[in-house]
Amino acid sequence: MPTDYFGERVAEHYDESTADLYAPEIVDPIVNFLVDLAFDGTALELGIGTGRIALPLAQRGIRVHGIDLSEAMIAKLRAKPGASDIGVTIGDFATATVEKRFSVVYLVFNTIMNLTTQDEQVACFQNVAAHLEPGGCFVIEVGVPELQRLPPGETVRPFTVSATRLGFDEFDIATQGLISHHYWMDEGRFETVSMPFRYVWPAELDLMARLAGMSLRERWSGWKREPFTSDSRQHVSVWEKTASPPTC
Ligand SMILES: C[S@@+](CC[C@H](N)C(=O)[O-])C[C@H]1O[C@@H](n2cnc3c(N)ncnc32)[C@H](O)[C@@H]1O
């Protein structure tokens with residue numbers, strides 16, 4: 001099982017530290033997009049966390065199941081109204097199985113990058129394909145690697161700077177690796193956490209999808225179907241299960 005970077009200490013403050021992402025103007029377009037794809041009313045969230053998307057999606061009548069590694073994040077989900085409608089499997093979303101098939105599987109908020117090797121990311125696509133109904137879709141929201149925004153000759157760039165919180169991404173270009181270093185004050189105590197990621201380009205994700213028997217159906221820069229261009233900083237991509245995966 002991969003390391004759980006979302007243990008008690010992170011789960012305790014997760015909702016508060018991501019409060020901006022719970023705003024209706026952020027959540028509603030995501031939920032609308034997923035509702036439109038859920039042709040049989042079922043959805044599987046990989047890395048469901050505390051239910052930021054799963055709970056409002058379930059409120060729209062979709063039967064949502066989630067997979068997550070972190071017991072601490074799931075405990076936070078379970079404490080929220082409406083959580084009893086959502087099934088959860090504790091496990092690694094690259095390999096865990098749920099004995100159901102879904103019309104849509106989704107993985108938001110850069111969480112594909114939590115799988116830190118190419119093999120794990122490929123396995124995730126294969127696992128998704130095994131959980132999709134024919135014609136079902138896999139949706140990923142992930143940043144475009146920010147390499148062109150690194151200062152010349154540098155491998156570190158800040159992503160958050162405020163009086164109470166600092167964050168820096170440290171890139172390892174040779175391995176497509178990235179460590180996000182977070183520093184914050186908690187009741188007068190200085191806290192820090194560093195999480196490893198593997199950044200991944202849209203074209204590499206398309207190839208992983210193809211290996212798993214899926215093909216690109218849509219790619220946007222946002223959930224309201226804004227065009228994806230050379231300047232886009234993130235993408236929302238939809239691959240459709242079209243075939244059985246190749247056997248060799
Ligand atoms: C950034 S949070 C996102 C939570 C939620 N999807 C949201 O949008 O707020 C990432 C979640 O993915 C989970 N996670 C990371 N890697 C995982 C893995 N390999 N298998 C299962 N869950 C994983 C973490 O435990 C955490 O709950």
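All of the numbers you see were taken from the coordinates with simple rules; none came from a lab. None of these values were measured; they are calculated from a predicted model. Here the Cβ is made from the backbone with ideal geometry for all residues, glycine too, and neighbour counts use every protein chain on show.
Could you please tell me the mean projected area of the C-alpha convex hull for region 52-175, averaged over all directions and given in square nanometres to one decimal?
So the Cα hull casts an average projection of 10.2 nm².
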Convex hull of region 147-195 built on C-alpha atoms - directionally averaged projected area, nm²
3.8
Given DSSP loops and a limit of at most 10 other Cβ atoms within 10 Å, what is the longest stretch of the chain that contains no such GluC sites (Glu not before Pro)?
1-98
With both bridge residues required to lie in the chain, what share of the DSSP beta bridges run antiparallel, to the nearest 5%?
70
If one computes the Cα centroid of region 9-23 and of region 83-143, what distance in Å separates the two points?
22
Counting Lys and Arg as +1 and Asp and Glu as -1 over every other residue whose Cβ sits under 11 Å from the Cβ of residue 108, the net charge comes to -1
Report the per residue volume, in Å³, of the convex hull enclosing the C-alpha atoms of region 87-146.
93
Env charge @ residue 86, Cβ radius under 15 Å, K,R +1 / D,E -1, value +4
Dividing the alpha-carbon radius of gyration of the chain by 2.2 N^0.38 Å, where N counts its residues, gives 0.99
Provide the net charge surrounding residue 134, with neighbours chosen by a C-beta distance below 15 Å and charges set as Lys +1, Arg +1, Asp -1, Glu -1.
+1
Cα-only radius of gyration and Dmax that characterise region 116-167, units Å:
17.4, 50
Semi-axes of the equivalent ellipsoid of region 1-49: what are they in whole Å, largest first, if each equals the square root of 5 times a C-alpha gyration tensor eigenvalue?
25, 17, 6
